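Just below is one structure, and these are the notes that go with it.
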Amino acid sequence: SGFPSVLKNSLLKLGVPKDILEFLFGKIGAADDYPKIPEAKGSVSAIRREAFFIPLYELYLTYGGIFRLTFGPKSFLIVSDPSIAKHILKDNSKAYSKGVLAEILEFVMGKGLIPADGEVWRVRRRAIVPALHKKYVAAMISLFGQATDRLCRKLDEAASNGEDVEMESLFSRLTLDIIGKAVFNYDFDSLKVDTGIVEAVYTVLREAEDRSVAPIPVWEIPIWKDISPSQKKVNAALKLVNDTLNDLIAICKRMVDEEELQFHEEYMNEQDPSILHFLLASGDDVSSKQLRDDLMTLLIAGHETSAAVLTWTFYLLSKVDAVLGDRFPTMEDLKKLKYTTRVINESLRLYPQPPVLIRRSLENDMLGEYPIRRGEDIFISVWNLHHCPKRWEEAERFNPERWPLDGPNPNETNQDFSYLPFGGGPRKCVGDMFASFETIVAVSMLVQRFNFQMAVGAPPVQMTTGATIHTTQGLKMTVTRRMRPPIVPTLEIPAVRSDSSVNVSDIS
Ligand code: HEM
């Protein structure tokens with residue numbers, strides 16, 4: 001420790017009262033009395049394709065719940081401690097912004113709900129959350145069913161032809177179709193056709209992911225921005241998506257003007273139950289740019305995440321099949337919706353989407369015993385929280401039964417911030433209910449109709465990072481139609497049926 005604290009300690013030993021010393025030394029000695037945040041040595045290169053949260057896990061095992069990572073001029077605090085995560089996300093959330101994340105996403109989300117901070121965020125959150133009311137989410141269940149049914153038909157074809165399917169891209173299309181309808185009543189129909197707009201959405205998404213893992217922000221270089229073919233393509237795609245959104249806003253405005261429905265808390269237009277319709281009907285006083293930013297944010301937030309959850313769930317389920325073989329015939333044990341829910345809970349523990357949450361401190365603060373300064377970039381590693389060997393028994397094992405079937409649905413509150421599938425505090429996911437229903441409906445319908453196995457000779461399933469965890473080479477599976485189990489009269493009605501009827505109270 002430095003000179004002031006040596007002096008202070010010496011004076012203390014000489015009998016000078018502590019109060020007087022505190023007064024005399026005030027802040028000078030203060031920082032010295034605090035322990036220093038451990039610094040991780042060695043470099044973690046931000047190599048594209050490599051899942052960067054894996055080396056962060058290794059460092060966490062060495063350096064603990066909070067450490068500093070420096071590369072070049074940049075420095076990050078890596079947080080893997082539940083109580084510090086809770087402090088940042090919830091107890092002192094006002095002192096943190098979205099930092100780097102907001103900078104990266106600005107080109108596509110502008111000041112949408114995910115990157116926005118301060119007053120803009122507060123106003124928009126207040127406008128958007130009511131749109132996802134209970135009646136809306138309940139109405140979405142049939143949409144989830146219809147969209148999944150389209151996927152089933154596609155799988156049926158593949159099963160008939162004996163073709164393997166790449167599930168990651170199929171899930172991505174399933175959730176794109178769902179979110180388009182749910183947010184602005186647009187049918188991408190991407191499971192069937194590859195229209196220009198679908199391609200444009202993917203171009204924009206890929207760019208957002210590329211930027212989040214790029215070591216150098218080339219898109220900020222003035223000339224590059226205009227002449228690079230890839231940037232030109234991105235700009236064209238962005239324009240197409242924006243124009244489409246603006247058209248949809250105009251169409252919806254006309255519908256709202258013509259309808260007679262009174263606006264109320266659980267307002268919903270049966271023909272168009274979308275979030276956009278709710279916002280316009282509510283008289284939401286907002287610039288068209290802000291509205292577009294919010295729609296784009298919801299589109300991206302509600303698409304990639306759910307697709308990633310489904311992809312990794314099916315990967316995990318295929319492992320169960322392999323492990324249990326004949327003893328556990330197929331997936332017939334996933335008989336109750338509750339069990340399906342636990343499968344999703346556990347999939348989200350092993351593969352949290354996104355694997356890290358990003359913040360920047362807006363003022364000096366204390367993280368646990370450590371003081372930090374304003375302007376610190378912070379990664380809260382949800383991956384580390386969810387894989388902590390001290391917190392979780394057999395942390396790496398996919399074990400849905402670790403969550404008692406009759407227990408509450410696990411969330412950040414009842415798990416004391418050691419499990420945060422949807423974040424926590426004021427910035428918690430607004431689509432958590434939506435996403436839970438969506439993934440449960442899709443999983444239950446798919447496993448009810450098909451058996452899924454890893455395809456023979458499928459590429460190894462490895463992780464890479466974008467905004468969510470992707471596979472490096474897809475999730476190649478063989479689907480076969482599932483015979484319904486014979487109905488044996490002495491048994492109760494096969495419970496398989498109960499999987500397709502979603503019960504709201506099971507999840508909340
Ligand atoms: C925020 C996860 C689906 C909309 C978040 C956050 C997480 C998350 C962890 C917190 C981010 C942070 O604190 O930095 C997920 C997962 C999903 C999912 C795992 C799927 C299984 C959805 C859906 C929607 C949505 C379907 C829209 C309908 C949002 C929005 C925010 C958010 C708007 C930002 C909220 C704010 O900052 O106030 N999500 N999400 N998410 N999510 Fe989700």
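The values are calculated or read from the model by the stated rules, or taken from the named source; none is laboratory data. Everything numeric here is computed off the predicted structure, so don't read it as measured data. Positions of Cβ are backbone-derived with ideal geometry, glycine not excepted, and every protein chain shown enters the neighbour counts.
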Counting only residues in region 274-288 that are part of a loop (DSSP other than H, G, I, E, B) and surrounded by fewer than 20 Cβ atoms within 10 Å (Cβ to Cβ), the one farthest from the ligand (Cβ to nearest atom) is identified as Gly283
Give Glu220, Glu207, Glu168, Glu199 a once-over and let me know the one that is over 19 Å from Ala301 (Cα atoms) and charged (D, E, K, R). Glu220
Do we find a residue being more than 22 Å from His133 (Cβ to Cβ), more than 21 Å from the chain's Cα centre (by Cα), surrounded by 16 or more Cβ atoms within 10 Å (Cβ to Cβ) and of a type in the set (Asp, Glu) anywhere in region 368-391? yes
Does any residue of region 162-185 turn out to be away from the ligand (no atom under 15 Å from the Cβ), within 30 Å of Ala455 (Cβ to Cβ) and among the polar types (S, T, N, Q)? yes
Among the residues listed as Arg391, Arg427, Arg374, the single one being more than 30 Å from Gln146 (Cβ to Cβ) and in contact with a strand residue (DSSP E or B) (Cβ under 6 Å, 6 or more places away or on another chain): Arg374
With a cut-off of at least 2 residues that are crowded, with 19+ Cβ neighbours inside 10 Å and near the ligand (Cβ under 10 Å from one of its atoms), name the helices (runs of 4 or more DSSP H) lying wholly within region 78-131. 100-109, 118-128
Would you mind finding the one in Phe437, Phe422 that is within 12 Å of the ligand (Cβ to nearest atom) and at pLDDT below 90? Phe437
Run down Asp432, Asp365 and say which single residue is within 16 Å of the ligand (Cβ to nearest atom) and either surrounded by 15 or more Cβ atoms within 10 Å (Cβ to Cβ) or under 30 Å from Asp294 (Cβ atoms) (or both). Asp432
Does Ile197 satisfy the criteria of being within 16 Å of the ligand (Cβ to nearest atom) and assigned to a helix (DSSP H, G or I)? no
Just for region 75-87: of the residues that are among the β-branched types (Val, Ile, Thr) and more than 18 Å from the chain's Cα centre (by Cα), which one is nearest to Asp365 (Cα to Cα)? Ile84
What are the pairs, 6+ residues apart or on separate chains, where a residue within region 355-371 that is over 30 Å from Ile469 (Cβ atoms) and in contact (Cβ under 8 Å) with a residue 12 or more places away in the chain has its Cβ under 6 Å from a residue that is within 16 Å of the ligand (Cβ to nearest atom) and of a type outside the set (Asp, Glu)? Glu363/Ala95
Please enumerate the residues belonging to region 132-167 that are assigned to a helix (DSSP H, G or I) and more than 24 Å from Asp272 (Cβ to Cβ). Cys152, Arg153, Lys154, Leu155, Asp156, Glu157, Ala158, Ala159, Ser160, Asn161, Met167
How many residues of region 342-367 are over 17 Å from the mean Cα position of the chain (by Cα) and not aliphatic (A, V, I, L, M)? The answer is 6
Write out, first by first residue and then by second, each pair whose Cβ atoms fall under 6 Å of each other, whose residues are 6+ apart or on separate chains, and whose first residue, in region 81-104, is over 19 Å from Phe422 (Cβ atoms) and touching a residue at least 24 places away in the same chain (Cβ under 8 Å) while the second is basic (Lys, Arg) and in a helix (DSSP H, G or I). Ile104/Arg211
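Name the residues in region 394-430 that are assigned to a loop (DSSP other than H, G, I, E, B) and touching a Lys or Arg at 6+ places or on another chain (Cβ under 7 Å), would you?
If the condition is that a residue be assigned to a loop (DSSP other than H, G, I, E, B) and touching a Lys or Arg at 6+ places or on another chain (Cβ under 7 Å), then Phe398, Trp403, Leu405, Phe417, Ser418, Tyr419, Phe422, Gly424 are the ones that fit.
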Is there a residue being touching a residue at least 12 places away in the same chain (Cβ under 8 Å), under 20 Å from Gly110 (Cα atoms) and assigned to a loop (DSSP other than H, G, I, E, B) anywhere in region 241-264? no
Per the filter on region 368-390, residues within 29 Å of Ser444 (Cβ to Cβ) and away from the ligand (no atom under 13 Å from the Cβ) are His387
Whether any residue in region 393-404 is under 20 Å from Pro354 (Cα atoms), without any contact (Cβ under 8 Å) to a residue 60 or more places away in the chain and of a type in the set (A, V, I, L, M) is what I want to check. yes
